[in-house]
1. Between D:R269 and D:A58, what is the FRET efficiency for a Förster distance of 22 Å, r being their Cβ-Cβ separation, to the nearest 0.05?
2. In region D:299-366, which trypsin sites (Lys or Arg not before Pro) are in a loop and have at most 11 other Cβ atoms within 10 Å, using DSSP for the loop call?
3. With a 10 Å Cβ neighbour count serving as the proxy for reagent exposure, in which order, fewest first, do D:D153, C:D88, C:D11, D:D282 appear?
4. How about region C:152-253: which GluC sites (Glu not before Pro) there lie in a loop by DSSP and see at most 14 other Cβ atoms within 10 Å?
5. Quick one: helix D:439-456 against the long Cα principal axis of chain D, what's the angle to the nearest 10°, folded into 0 to 90?
6. Report, for D:S142, each distance to the same residue's label point in the other copies, shortest first and in nm; define the point 7 Å along Cα→Cβ.
7. Where the centroid of each part is defined by its Cα atoms, how far is region A:26-70 from region C:6-50 in Å?
8. Counting DSSP beta bridges with both partners in the protein assembly as shown, what percentage is antiparallel, nearest 5?
Amino acid sequence: MDEAARSYKIVLGVIGADCHAVGNRILTAVLTRGGIEVVNLGVMVSQEEFIEAAIAEDAGAILVSSIYGHGELDCQNFRARCEERGLGDIVLYVGGNLVIGKQDFATVEARFREMGFDRVFPPSVDLEQVIGLLRADIDARRPMALGHNSGRFVVEARA
Amino acid sequence: MDEAARSYKIVLGVIGADCHAVGNRILTAVLTRGGIEVVNLGVMVSQEEFIEAAIAEDAGAILVSSIYGHGELDCQNFRARCEERGLGDIVLYVGGNLVIGKQDFATVEARFREMGFDRVFPPSVDLEQVIGLLRADIDARRPMALGHNSGRFVVEARA
Amino acid sequence: MTEIENRMLSDATFQAERAEVLKTWPSGGTVDFDAAVAVQAALPPEKRFALALAEADAEGRTLLQPRAGVALIREHEALLNGLSPYCDVLPTTIDAYTRHNRYAEAQEGIDRSRAAGTSLLNGFPAVNHGVDGCRRLVDALSKPVQVRHGTPDARLLAEITLAAGFSSFEGGGISYNIPYAKHVPLERSIRHWQYCDRLVGRFEEAGIRINREPFGPLTGTLVPPFVSHVVAIVEGLLALEQGVRCLTLGYGQAGNLAQDIAALRSLRRLANHYFLNAGFTDYKLTTVFHQWMGGFPEDEAQATAVICLGALVARQARATKIIVKTPHEAAGVPTLEANQAGLKATRQMVNMISDQNRVDSPDIQTEIDVIEAEVHAVMREILRLGRGDVARGIVQAFASGVMDVPFAPARANLGKLTPVRDNFGAIRLFDAGHVPLPDDVLAFHRDKIAERARAERREPSFNMVVDDVRAISASKLVGRPA
Amino acid sequence: MTEIENRMLSDATFQAERAEVLKTWPSGGTVDFDAAVAVQAALPPEKRFALALAEADAEGRTLLQPRAGVALIREHEALLNGLSPYCDVLPTTIDAYTRHNRYAEAQEGIDRSRAAGTSLLNGFPAVNHGVDGCRRLVDALSKPVQVRHGTPDARLLAEITLAAGFSSFEGGGISYNIPYAKHVPLERSIRHWQYCDRLVGRFEEAGIRINREPFGPLTGTLVPPFVSHVVAIVEGLLALEQGVRCLTLGYGQAGNLAQDIAALRSLRRLANHYFLNAGFTDYKLTTVFHQWMGGFPEDEAQATAVICLGALVARQARATKIIVKTPHEAAGVPTLEANQAGLKATRQMVNMISDQNRVDSPDIQTEIDVIEAEVHAVMREILRLGRGDVARGIVQAFASGVMDVPFAPARANLGKLTPVRDNFGAIRLFDAGHVPLPDDVLAFHRDKIAERARAERREPSFNMVVDDVRAISASKLVGRPA
């Protein structure tokens, strides 16, 4: 199975009581342009809604945005809820202005990594870079049969 | 001798190779308006020129300005030179951008106090305040016969 | 719910509704209207918002107002008193849970903030703090203070804060729904804001002038001036009907100087036109200019330049008030120091521009002409749809896409209208959606966009729009291809 | 000294003088013209100042240039390379001792700086570092670098820096005397700058284009545009006569937007007029705008607002280059970070204004008309006094007060002309001194000042001037009574 044919499907949304819609639209546009299939839940999305959509759509990743500063409150136990619903291995990204005020990003990143997010992004992140990481991370978590990295290596070596 | 009749005569100038003339003009205008008799030597004034003018004019104070950052180099040994010429007690002020770069003012002040200046001012100083300090400092250093503070107290007590 | 109409709520309706509203959270129980009037009447002149605005308007001054709100009363008080020396009027930004009436979550935020020793809420949960808490705050301040939020149903919030001595209340049934909610039907939020406006009207009738400020910038992103103007005018008409008499209409900086000056000048003129035509004469109108509401550059020096451009144009257009941003804008809620820095930079710029020549040019006049043609066209259709009733009309206008706010989260908004910058950075319509603009106006937009497309050697597309949204934070006004 | 005249120095005169100049400090001994031409010829295109200016002019871009100089080569190199990513062309600001040819004191400053581990000099002592030291610097940079100073006799400085690969040289016989010296006779500094210009002319004849930039802002304090324009035009004529072909004329921000835009637009037009009338056609003219050269607010946010206003007007007037200030301006020589912040804020503002509509207004046109009438009147008198010779004429003009720079330290300057702001912040003449302006122009100034006096209910006086000088650092443009 070659790279071009693989699908990269993700669930995207702005968590909690946050209604910042602009970045969500831009993210959707740029990710779609970058070959990612985006299931966009829009703004004010609960953890349950994210998880249910990810199950229903068989998505490879959940991208959580939070712009309004309540990220820490809204994202509590997100990974644990995923695990409860059988999504223990799903790629989990979070990005935006995650906390109140200008805090050292490394500290914020560590806090959200601790909470189970695979990657944490500041609002200034280069979206092209996010696309690259998404492809790699989704590939790395694919079941073997669907073309896991190690499997792909064997195929390429034969060619 | 009452306050109004007393004269407050000072020598003013910009030291060294510094040719910033605007502040010098403004200082002259504001001090004069404030009742100080200003002998303005203008810009690019050497230590010798300051001291000779102070002797010739029998001035109560020397005000040294330095805007261009070489203040530390230009003001070396100023008090010592005054002492050599018999002006050991003259009121000595310095003000402006005295050093290279934005440094903590308290440090700069301490350095110039150490060099023998009675008061050290940042460029943002309120000039009305300088006038008040000048009057007080000149009065405090006047010989008794000319109305030293302690003498004046006696006169006032009698009245 | 019966069909919405733009008619003053009867006392009976208001009182019955009030009893229900005050029951929605325990702190509602302590609200008493007569006591509230007494609190307001006891405010010294320097703490009355309407007075500050009227004086600034009379003297041609421009007031500065920051944005600020934290979870706990004492911390919020310290924050406002730290900002007070650098501004003219104070804000209290309400947290996002309270905006959605999620008071239990707000309480959890308060408790966790207390435990954490730092605010975990993005604003001040005024409902949870109640009348007494809010009064303690107002008492500790020395300048007028306004409630700034984003609440589709702000009835309890208005009751509590106005009873505590807040003297200005931001928002409106459209401007606090379309950009701030997802599922709230427009007729419901308009109805809830009729209540808020009626409450303010009752204060007015009791001799207390409370300032009302519809939220001008909407989604803050490439909003064509006519779109926010129509909302401001309609919300003004709705407020006047309920007895509000002190109105501040807002506009968010778009970035092109000629268009921004034209927008603020035309806003005042258009509003007066519609208010007078609706039979209102005894109101006081002022304007507020919001510094850039879109994405900011991360770098603080660059962010300060964005702030300074807003300060300059606001003053050139003679806005009564400026809502001031901070050099931390890209990073979310700012520190006290960053907020002070934004105010100081804005003050310096406003002061330097204050005495200067009035700015006039053919470009500004063209923009005014276009904006006025657009507003009149949409207002005509709103009144037609509502059979003369502006409340009914605006609901139907949004439902059919006659009114359409770009980048809005609300389902009540069609989202077909798509703006894009022209070659000079002014906001034009790439797709007018179902908004019934005159043909010559549409041709003007088309020509302007075609001019840019030629300059950039690419077809206009949504890519161009995406580039424009990201431009300012990437240090440009127009999102050109690299 | 024989009487000054505006005539190209003969080769014999130049060579004889050169031998003397190179002897005035040991480092002069290593200067060789052919080697210098080879060094310049070997510079890659991205390090040639004239090319950067020509490209910016052709593409309508505005270049940013900071000001920077420290005592030691390695530190200066690090400073410039730290600024390089944020600007387009680099400076090297020369220290004050070198400016007065006090090389021994400069050497002491170098030695003490080495000992102190920090620069005690306010600039880079290029003469003391010599050709090799300066070449090491130029080699370590990746952008064009200019010598910026304030030296009445810059002959040795020019020889050394141009031999080392600096490709632009600021200054002039008037602009580096009147604001920068006390006792230097004007004919002497003009004669010394004829030497500098002739040196640049010889490079030009050898196929090497060196950019020359007369210093526009003069004393930087309430300088009426016509005063700095006359100096710029006269220095341009003097430079062209000696063979200079790449000229950048400067103007320092006055603060009133209409006057500043008018000044920069009229500068280009007037200069072309006089240069063409003097028979020169094969020159390249560009402009440079200096952000506010007067006192700055101490607060960094406020200082950034002053910087942003300068950036905006420079770009609106389409200056080819901006000399950028820093948020540390009030505190003297800035840190690298402060210098970067000034550049970043300026870049953001320039970028946001770049695409916008050309600014035009009747106010701007009025200012252009006034400036042109003033410049023509003074230039006529200068040419009359010099019997057609602009060098002779300008010396006599200064001696008689026909030309007069406000707040200048030089004895060669009469100091009778006194500027003051009008009610809109534009610079007018409170006292024209002996400057022969037309009656209608003088009446215009009088009326404008009377308008302000009425608004402030006080008589125009030197107090008003003092208030104006202190205004920007006190957060205002016009110094109103409290």
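1. 0.70
2. Values: sites: D:R315, D:R318, D:K321, D:K325, D:K344, D:R347, D:R358; in loops: D:R318, D:K325, D:R358.
Filter output for region D:299-366: D:R358.
3. Numbers: D:D153 24, C:D88 20, C:D11 10, D:D282 6.
In order of increasing Cβ crowding within 10 Å: D:D282, C:D11, C:D88, D:D153.
4. Those that pass, being in a loop and sparsely packed, number zero.
5. 70
6. In ascending order, 5.3 nm.
7. 41
8. Numbers: 8 of 92 bridges.
Percentage antiparallel, nearest 5: 10.
Read the figures in this text as sums done on the coordinates, not as results from a lab. Note that the coordinates shown come from a computational prediction; the quantities given were computed from them, not determined experimentally. All Cβ positions, glycine included, derive from the backbone under ideal geometry; neighbour counts span all protein chains shown.
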